[in-house]
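Before I ask anything, here is the structure I am working with.
Please treat every number below as a calculation from the coordinates, not as lab data. All values reported here derive from a predicted model rather than from experimental measurement. In this analysis, Cβ positions are derived from the backbone assuming ideal geometry, glycine residues included, and neighbour counts consider all displayed protein chains.
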Amino acid sequence: MRVRKAIIPAAGYGTRFLPVTKALPKEMLNIVDKPAIQYIVEEAVASGIEEILIITTRNKSSIENHFDATPELDHMLEIKGKDELLAISKGVTDIADIYFKRQKEMKGLGHAVLQAKAFIGDEPFAVLLGDDIVYHEKPCLKQLIDVFNEKQGSVLGVQSVKKEDVSKYGIVDGLKLTDRLYTVNGMIEKPSIEEAPTTIAALGRYILTPAIFEILETTEPGKGGEIQLTDGLIELAHKEEMFAYDFEGIRYDTGDKLGYLKATCEYALRHNELNQSFKDYIKELSDTF
């Protein structure tokens, strides 16, 4: 079956960005001229996704507002002849069929994914975490979908991380098939260096079969009383073939302050209107500091 639906969990508190996230969802923090979540949606659409469910919670209505129609703004831009800005505004509204569902309790990523069971039905689907933005000519999610189309099994987006960083991620235990493709025999969530079987880390992109829902419904809460997606993936890997693909691209962790700043700077350097002037500014800044 074709992968045409995606879930974007966006219900987290964003505590690493307090105090700004007291009032502003972390997914709405801008990178140059777009909120972070728009980059995620654009990647999904560029990968062939047709319908997207964003899992939110209370105090995150600005995400819904961003993708909603703005007739007053559009009318003002139209009568003033600002056609380029009008196209940008309408482009956000028309980007895809986007739906929203609230996660009423913070019970972990596995619980957030489970909220999409009715939306997904019996289809394979994508999960894109809103903290991870990947820059590459071929969208990260499209790379994973191509693997799914060939293997017809769940695919985790992975990259190798530094040994000292394995405790930050879900680490894959598996067999290398090609330069970029692995089987997944199991996973360990945030292991110590001694416990980690590899340095291959799952990094915010998944193609999953609907069998994950039945597993998550019976997954016991782990640390902090949360249902961990990793626990569900481990069981799924024991029941079905699962693969990990070392995707190409530069990955930014925009849920981290330094990662967010790196993304902002590098996207500004790629921006058609800003690239040269921002590059000149960076050079001047390096001389000053």
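Where nothing but the Cβ of Lys and Arg (+1) and of Asp and Glu (-1) is charged, how large is the charge dipole of segment 1-49 around its Cα centre, in debye to the nearest 20?
Dipole of segment 1-49, to the nearest 20 debye: 200 debye.
Starting at 0 and stepping by 10 Å, how many percent of the alpha carbon pairs of segment 166-289 end up in each bin?
Reading the bins upward from 0: 11, 30, 27, 16, 12, 3.
Would you please put 33-40, 7-14 in order of how densely packed they are, using the mean number of other Cβ atoms within 10 angstrom per residue and starting with the highest?
Numbers: 33-40: 20.5, 7-14: 22.5.
Result, highest mean first: 7-14, 33-40.
So what is the calculated 222 nm ellipticity per residue for the chain, using -39500 (n - 2.57) for each DSSP H run with n of 4 or more, over all residues, to the nearest 500 deg cm²/dmol?
-10500 deg cm²/dmol
Please identify every one of the trypsin sites (Lys or Arg not before Pro) in segment 82-190 that sits in a loop by DSSP and has no more than 16 other beta carbons within 10 Å of its own beta carbon. Intermediate values should be presented prior to the final figure.
Working: sites: LYS82, LYS90, LYS101, ARG102, LYS104, LYS107, LYS117, LYS142, LYS151, LYS162, LYS163, LYS168, LYS176, ARG180; in loops: LYS82, LYS104, LYS107, LYS162, ARG180.
Of the trypsin sites (Lys or Arg not before Pro), the ones in loops of segment 82-190 whose Cβ has at most 16 other Cβ atoms within 10 Å are LYS82, LYS104, LYS162, ARG180.
Taking the Cα centre of the chain as origin, sum charge times position over the Cβ atoms of Lys and Arg (+1) and Asp and Glu (-1), and report the length of that vector in debye to the nearest 20.
Charge dipole, the chain, about its Cα centre: 500 debye, nearest 20.
Can you match volume of the Cα convex hull per residue in Å³ to one of these, [x] 159; [y] 151; [z] 130, based on a calculation from the structure here?
Checked against the structure: label [x].
Please go through the residue pairs LYS22/LYS138; LYS22/LYS279; LYS117/LYS138 and name each one whose alpha carbons sit more than 31 Å apart in this structure.
Too far apart for the 31 Å limit: LYS22/LYS138; LYS22/LYS279.
If you filter segment 227-289 for GluC sites (Glu not before Pro), then keep DSSP loop positions with at most 15 other Cβ within 10 Å, what is left?
Taking segment 227-289 and a limit of 15 other Cβ atoms within 10 Å, the loop GluC sites (Glu not before Pro) found are GLU240, GLU241, GLU248, GLU273.
Now a separate question. What percent does the relative contact order of the chain come to when contacts are Cα pairs within less than 8 Å and at least six residues apart?
22
If contacts are Cα pairs under 8 angstrom and at least 6 residues apart, what is the relative contact order of segment 154-289 in percent?
27
Suppose each label sits 7 Å from its Cα in the direction of the beta carbon; what would the ALA69-SER160 distance come out to in nanometres?
The answer from the label model is 5.2 nm.
Note down the nm distance, to one decimal, between modelled labels 7 Å out along Cα→Cβ at GLU284 and at LEU258.
Calculated label separation equals 2.8 nm.
Show the residues, 5+ positions off or on another chain, whose built amide H is closer than 5 Å to the amide H of MET187.
Under 5 Å from the amide H of MET187 lie the amide H atoms of ASP173, each far enough along the sequence or on another chain.
Follow-up. Students often forget the sequence filter, so: which lysines lie under 21 Å Cα-Cα from LYS90 once same-chain residues fewer than 8 apart are removed?
Reachable lysines: LYS34, LYS80, LYS82.
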